[in-house]
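For reference, the structure discussed in these notes is given below.
The values are calculated or read from the model by the stated rules, or taken from the named source; none is laboratory data. Only a predicted model underlies this, so the values are computations on that prediction, with no experimental measurement involved. Cβ placement follows ideal geometry from the backbone for every residue including glycine, while neighbour counts extend to all protein chains displayed.
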Amino acid sequence: MEGSSSRVRKGAWSRYEDELLKACVQIHGEGNWHLVPERAGLKRCRKSCRLRWLNYLKPNIKRGNFSEDEVDLMIRLHKLLGNSIWHENVWLTSNVSIPCNSIS
């Protein structure tokens, strides 16, 4: 990268940047993250945009503590399937769905 004008911005996101990212995802949808910084007019890397969306801005993210039902379900699944349940590939192959926090 040559010059300071082409550098990606690091650090905390501003509300303005959040709004630009939200608008871009609303228009173009999720995905194609390599195009998002340019489309949104952001000087952020694509990974930063993707993570900001998935971890903070996505509307259906549930925040806060787990409910009693969610905790009970996790305990029962752990007893049934053991530690392997927490590996990502098992979630994909076991058809187990937990509607808790950011897991969807």
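Of note:
- Qualifying residue in the stretch 34-52 (condition: surrounded by 15 or more Cβ atoms within 10 Å (Cβ to Cβ), part of a helix (DSSP H, G or I) and touching a residue at least 40 places away in the same chain (Cβ under 8 Å)): yes
- Complete set of residues in the stretch 7-32 that are surrounded by 13 or more Cβ atoms within 10 Å (Cβ to Cβ) and either in a helix (DSSP H, G or I) or modelled with pLDDT of 95 or more (or both): TRP13, GLU17, ASP18, LEU20, LEU21, LYS22, ALA23, CYS24, VAL25, HIS28
- Members of the stretch 63-104 found to be at pLDDT 55 or above, surrounded by 12 or more Cβ atoms within 10 Å (Cβ to Cβ) and among the β-branched types (Val, Ile, Thr), listed by number: VAL71, ILE85, ILE98
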